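Peer 1: There's a structure below that I have some questions on.
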Amino acid sequence: MKRKIPLLTASAILIFALFSGRYNGQAADIVDALDQPAILRNDFQAALIKAAGQQNIPTEATSMINGQLGETSNLEFGSFAALSAPDNAGWPHTALYGGPNSSGWPMVGVLSDSRPGPTEPLNDAVISAYARFPHVILPAMPLADTRPDIIVGLRQRNPNIRIHAYVMGSTTWCPQDSNGNISYPSNTYYRDYYLAVTSQDPSCASTSGRFLWMQDGTRADLAPYSLGINVNLAHRIQNPDGSYTYDVAEALANTIYEYARAGRNWDGIFIDVYCPGIMWLEYLGPFDYARAGYGNDNTLLANKNAFDLGWQAGHQRLADRLRELAIADNHPDYPISGNCGQAPTRLQTPLNGWMRENFPFQNGGTFYSNMVTWPWGFLHQDQNFRDPQFNYIFTAANWSGGLTNNPNDEQYNSSNQRKMRFGLGSAALGNGWHAFHESSGAPAMGYWFNWWYDEYGVNTLVPQSDPNWGRAANGAAYNGWLGQPVTDSYQMITTDFSSSPDLLTTNQGFETAGASPTQLIGWNVGANGGSQVVVTRDTTTAAEGTASVKVHIDQLGEVEGNISLAPATTFAIAAYQQYSVTFWAKASTPRPVVLSMTSNTWPAPSVPVTTEWRRFQVQTKSIASSSTGYLVFTLGQSTGDIWIDDVHVQAGASSMFRRDFDNGIVLLNATDTPQTFQLEKPYRKILGTVNPTLNDGSRVTSVTLPGINSGGGVGDAIFLVEIDETAPAQILDLTAGSP
């Protein structure tokens, strides 16, 4: 049985909080946290960008490689090609997001020295800890310029590792040494990135409109705004034919690709601080549209709107230019993903994916809003971006401990383990990657590269008769222990409408016909805005009973909501109550179906309907003072045929998400309350070491998982191991009276 969940949706405004980093032109005074991606916190006050400190690095720093890498020490910088990790990496897909500062710490030198010298050797323990993971996202500097030995070291320890370059889409800085000189040496990523923004002007006092400014004359990244972004992606020059070239976006794309291309041993690119729109940041004050190149009068709404559209165009141009470069480089499907808010559909052609931060709370949302909203929910984007998809869920750990190497610290408490399981389980419902660690992405916070949970690695490499089979195991060899999926994600649903009465009372199964067998009664059809729709009662296919409703769409309307299907009657609901809609659906081609139910807020939940009958259950909550509920299927996303059958509305919810794999299953509860489900056969729990209470190695035929109400907005998930059991054969050789 399958079921989808409704979005209790959050604000439509992108909430993207930023660190207020201080910049005064002196490297010694800049926060010593270069390149660490910062993740949204629940209070939306976390940092996205931290200012950076940088010491002088000799231009000939590549000589440090000699003598450190054994057989690979004779490689010249930039001469090695990226090793292609296999495309069939097993599940669960674990990743690390964030890594060393510009000196290479903690991958270089000793942990006690966060600014090691340029010739310090690799820290073997840290490199080995990172290399356990099948996928890491690490900063372009120093891995692409002064310390390429880090990448080589990771690949030596794990030849199948995927390493994507962490870059920024709209942030740069220009630290100076005590003499006022740029402290980045030539041919380093951050220096060339800054020069791309300034059009080769090395001055740290640039007043160019290629930067982003506020109307009071302050650059956007400086106090009191401290927005964390300062690059004007909307900057453009007009061509003779009247078209525009977005020169800053193109220059950045050229620089990013030069340092993050496959020829520098990378497997892909990850662009952070890459917001599709920025006007929501004006809650702190208005941008200087005129200085950005849009008119001469900042009071004119037309100039503000033109700047907004220009930002979107420049943002798109950066993505398109990166894809053009990859195609010209004979890597047409080179993975490129982004991060900041929700990705618009326009990015699905050039990019391979997007990230969900602070899951499941991004943008003040829930599991439902971040997983199943059309079109930018994780499960939808995981199908719609360019192949191969690289979508991400990042779950931020609850963290207060700071620097620690103690394996008994808070990363392994019950709350953090539950957040990790819920995030990893959610990612396993799709094809994306999951990262779990302290929210800033700075390795100094908890040495999170050392964190390893039972679910990260399980020994399924030995026969089940071996006592080590099913045990949690630490190391790259045990990545992907679940193997390949044998099903898509689906929902296990119980539907006891006697205990929770059905609120729909008219023709829920479309079994009652009108004047003719094909006439639909009890339901209303909306076909507006130029749409062309034919709705019939169909007796040739049904999920339950003998009939279903068929909606044939020849032409879409002006907006998605122009085409709808709804019961003719409403129903009574209570305030703050969880409700669910259970129904069957299929379509002529895969497509979403969007639901509005009760007083649900924007955006509405949706489900990915396939060409086979599947059962869904969508959940939502009523708001204060609710008294009347309604149900609307919004179908105006694509043309073709869609069938719906056996629709029910009830208080509460009764489903659990599931996905089946070669070596086990994942179960996830995202409802408010605990859910217990009987399994069709026995499975075994992981025999764990980090969490032996939950992962006790026991054989189970049913599972109970707690709900969101007991987890502060986080549900729970469990990973079970497949048991190869053959039922005893029927006894045929005994006769009555035999001894």
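Peer 1: Provide the gained length on full extension for the span ALA125 to SER588, in nm with one decimal, where the gain is 0.36 nm per separating residue minus the Cα-Cα distance.
Peer 2: 161.3 nm
Peer 1: Let me know the Rg and Dmax you get for the stretch 627-733 when you use only its Cα atoms, in Å.
Peer 2: Expressed in Å, the Cα Rg and Dmax of the stretch 627-733 come to 19.4, 68.
Peer 1: Please give every one of the aspartates and glutamates within straight-line cross-link reach of LYS550, meaning a C-alpha to C-alpha distance under 15 Å, and leave out same-chain neighbours fewer than 8 residues apart.
Peer 2: Counting by Cα, and skipping residues close in sequence, LYS550 has these aspartates and glutamates nearby: GLU511, ASP538, GLU612, ASP641, ASP645, ASP646.
Peer 1: Assign unit charges at the C-beta atoms only (+1 for Lys and Arg, -1 for Asp and Glu), then state the dipole size of the stretch 495-653 relative to its Cα centre in Debye, rounded to the nearest 20.
Peer 2: That gives the stretch 495-653 a dipole magnitude of about 200 debye.
Peer 1: From Cα coordinates alone, what are the radius of gyration and Dmax values for the stretch 457-610 in angstrom?
Peer 2: Just the Cα atoms of the stretch 457-610 yield Rg and Dmax of 22.2, 68 Å.
Peer 1: Another one. Using a Förster radius of 45 Å, what is the FRET efficiency between THR546 and ARG346 based on their Cβ-Cβ separation? Nearest 0.05, please.
Peer 2: According to the calculation, E is roughly 0.55.
Peer 1: For the stretch 495-653, what is the relative contact order in percent, using Cα pairs closer than 8 Å and at least 6 residues apart in sequence?
Peer 2: 30
Peer 1: If you stretched the chain out fully between ASN187 and THR673, how much longer would it get, using 0.36 nm times the residue separation minus the C-alpha to C-alpha distance?
Peer 2: 169.3 nm
Peer 1: Applying 1/(1 + (r/R0)^6) with R0 = 45 Å to the Cβ-Cβ distance of THR689 and SER499, what FRET efficiency is obtained, to the nearest 0.05?
Peer 2: Given R0 = 45 Å and the Cβ-Cβ separation, E is 0.65.
Peer 1: Give, in nm to one decimal, the length gained when the segment between ASN296 and THR610 is fully stretched (0.36 nm per residue of separation minus the Cα-Cα distance).
Peer 2: 107.9 nm
Peer 1: Can you give the local net charge around SER698? Use residues other than it whose beta-carbon is closer than 9 angstrom to its beta-carbon, Lys and Arg +1, Asp and Glu -1.
Peer 2: That sum, taken over residues with Cβ under 9 Å, equals +2.
Peer 1: In addition: Kirkwood Rh, Cα Rg: Rg to Rh for the stretch 254-314?
Peer 2: 1.17
FYI, it's all coordinate maths here, none of it is from the lab. Please read all numbers here as calculations on a predicted model, not as lab measurements. Please note: Cβ atoms are built from the backbone with ideal geometry, for glycine as well, and neighbour counts cover all protein chains shown.
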